[in-house]
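Quick notes on the structure that follows.
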Amino acid sequence: MGKTAMNVLREDIIIDWVTSQLGIQKNDAAFFEHNETKIVINVDSFESTIHLYPFVPLRIAGRRAATGSLSDVLVKGAVPRGILTAIRAPATMSIESYKEFYSGIIDVAKRYDLRILGGDTDIAETGSLRADIVVFGFAKGKIANRWGAKPGDLLAVSGRVGLSSILYYYYRQNSVNCSITREMLEEYGWGQLPKPAEWLALKENVHAAIDNSDGLALSLHYLSEASGVKLIIDHIPLHPLAEECIPKERILDEVLYNSGEEYNFIFTIPAEEESTVAKLGFTVIGKVEEGRGVYFRDGIEIKRIGWVGGAGYNKRR
């Protein structure tokens, strides 16, 4: 007698259904206009059993919880201004641990000049730590959406890719070719976002943008699909520690498919803006062509694989 397939609830299935019911497009954050100002708002969830490696300090986890929501607001071209938090902690959690986690949220507020406006706190008899973080901001001028990339555009990213891949590899294998240092974890906690002033200086010329939340490859596919174009990748700006820590034969797959929540901004921009992109510290990694899908310059396809809630990494969508 054959095995019965288990029905696994997946994030992508839910999102597909909800967006179809509401008649909206998938995007990094929502926005609405009020008196010529666009109000951009996003909520992201942190769940310790999903998003917290056992070797990552709670303060750094708090930073990542807030940075994930902030990244979605900033990539749209808004200036983040405020945070609301809803935190459910288990009764077994010490007050010192709670303070450490919340201090990470305060760190993000200070770094980006945000005001923490309050929120909700709940204590559960059992369970894990969960935080729902709302960040909102204001934008004038253009909103950067996932759609809008045009053939002939350059494809560029902020920061370097692969730091989160090191930690995921270490978590799976319990071994990497380097030490997991506090400095590495600190950088991981802040992500690879651009400086807000640099991004906002560029965003009026950006045709399409997304942040790297679910892995580089899957984020590229999301951008390709929303815009109805083909993306051609010339090279990937690897984090130097990724080259040191991950075995050479594994590094490309790890960086492509297991690099979620690095929060690199991935965007397309007219070719004539190449010098401005370089001057502001972004890296051109390829270009946009007519067609569909994501490929290396030599024609090798980059698979549509990344993080999917309910399924995990390396699940083809």
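Observations, loosely collected:
- Set side by side, the residues Phe101, Phe136 differ, and just one is aromatic (Phe, Trp, Tyr) and within 20 Å of Lys26 (Cα to Cα), which is Phe136.
- Taking (1) assigned to a loop (DSSP other than H, G, I, E, B); (2) of a type outside the set (Asp, Glu); (3) touching a Gly at 6+ places or on another chain (Cβ under 6 Å); (4) farther than 22 Å from Lys203 by Cα in turn, Lys248 satisfies each apart from (3).
- Of all the numbered requirements in (1) in a strand (DSSP E or B); (2) modelled with pLDDT under 95, Ser259 misses one, and that requirement is (1).
- Residues (more than 22 Å from the chain's Cα centre (by Cα) and part of a loop (DSSP other than H, G, I, E, B)) located in segment 9-38: Gly23, Asn35, Glu36
- Restricting segment 228-260 to residues that are over 17 Å from Arg160 (Cα atoms) and in contact (Cβ under 8 Å) with a residue 40 or more places away in the chain leaves a set whose member that is farthest from the chain's Cα centre (by Cα) is Pro247.
- Looking only at residues in segment 122-174 that are more than 20 Å from Asp44 (Cα to Cα) and among the charged types (D, E, K, R), the one that is farthest from the chain's Cα centre (by Cα) is Glu125.
- Scanning segment 175-189 for residues that are more than 15 Å from the chain's Cα centre (by Cα) and outside any loop (DSSP other than H, G, I, E, B) yields Arg182, Glu183, Met184, Leu185, Glu186.
- On inspection, Gly62 passes the criterion of being within 15 Å of Gly104 (Cα to Cα) and either touching a residue at least 12 places away in the same chain (Cβ under 8 Å) or not acidic (Asp, Glu) (or both).
- Where Asp44 falls short, out of the listed (1) assigned to a strand (DSSP E or B); (2) surrounded by 24 or more Cβ atoms within 10 Å (Cβ to Cβ); (3) in contact with a Ser or Thr (Cβ under 9 Å, 6 or more places away or on another chain); (4) not aromatic (Phe, Trp, Tyr): (2)
- Breaking point among (1) modelled with pLDDT of 95 or more; (2) under 22 Å from Asn212 (Cβ atoms), for Tyr98: (2)
The values are calculated or read from the model by the stated rules, or taken from the named source; none is laboratory data. Being a predicted model, the structure only gives us computed values, none of them experimental. FYI the Cβ positions are ideal-geometry reconstructions off the backbone, even for glycines, and counts take in every protein chain you see.
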